[in-house]
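Since the structure comes first, as structure tokens, the remarks are kept for the end.
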């Protein structure tokens, strides 16, 4: 799995390429840790090239949301495929962050 991170003013654009398995979840967590959260307001995560996310990956998204949202940050998941969207709805992730499908 690869994660590209770009900054545009107070917005971070992350592009994830590959499935978020156990190792990918750790990589995702490290990418979140490396962000200067006090200097950003919005994180946009492009998931067009993600076909699968395990429970560890969902957990990392939730932990990041908890840490970032308490500071007023906003998270958007873009280009989510239908099966991931359905999974995110089951775990109610759509109530915490904006999710845009393909």
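Quick grid of which residues meet (1) within 13 Å of residue 1 (Cβ to Cβ); (2) touching a strand residue (DSSP E or B) at 6+ places or on another chain (Cβ under 9 Å); (3) surrounded by 14 or more Cβ atoms within 10 Å (Cβ to Cβ):
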residue: 13; (1), (2), (3): no, yes, yes
residue: 22; (1), (2), (3): yes, no, no
residue: 27; (1), (2), (3): yes, yes, yes
residue: 32; (1), (2), (3): no, yes, yes
residue: 51; (1), (2), (3): yes, no, no
residue: 60; (1), (2), (3): yes, yes, yes
residue: 66; (1), (2), (3): no, no, no
residue: 73; (1), (2), (3): no, yes, yes
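Give the residues of segment 75-89 that are over 11 Å from the mean Cα position of the chain (by Cα) and either loosely packed, with under 14 Cβ neighbours inside 10 Å or part of a strand (DSSP E or B) (or both), sorted by residue number.
Of all residues in segment 75-89, those over 11 Å from the mean Cα position of the chain (by Cα) come to 79, 81-89.
Once the filter is applied, which keeps residues that are over 11 Å from the mean Cα position of the chain (by Cα) and either loosely packed, with under 14 Cβ neighbours inside 10 Å or part of a strand (DSSP E or B) (or both), segment 75-89 yields 79, 82, 83, 86, 89.
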Is at least one residue of segment 37-49 loosely packed, with under 13 Cβ neighbours inside 10 Å and either without any contact (Cβ under 8 Å) to a residue 12 or more places away in the chain or touching a helix residue (DSSP H, G or I) at 6+ places or on another chain (Cβ under 9 Å) (or both)? no
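If you check residue 71 against the conditions, is it at pLDDT below 95 and not in a strand (DSSP E or B)? Give the steps one after another, and end with the answer.
Working: at pLDDT below 95: yes; not in a strand (DSSP E or B): yes.
When the stated conditions are applied, residue 71 passes them.
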Please enumerate the residues belonging to segment 34-51 that are modelled with pLDDT under 95 and within 13 Å of the chain's Cα centre (by Cα). 35
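Can you tell me how many residues within segment 13-33 are in a helix (DSSP H, G or I) and within 14 Å of residue 58 (Cα to Cα)? Give the steps one after another, and end with the answer.
Initial filter on segment 13-33 (in a helix (DSSP H, G or I)): 22-33.
Checking which are within 14 Å of residue 58 (Cα to Cα) leaves us with 22-29, 32.
Residues that pass the stated criteria total 9.
The values are calculated or read from the model by the stated rules, or taken from the named source; none is laboratory data. Predicted model, so just to flag it, every value in this text is computed and none were measured. Virtual Cβ from ideal backbone geometry, glycine too; neighbours counted across all protein chains shown.
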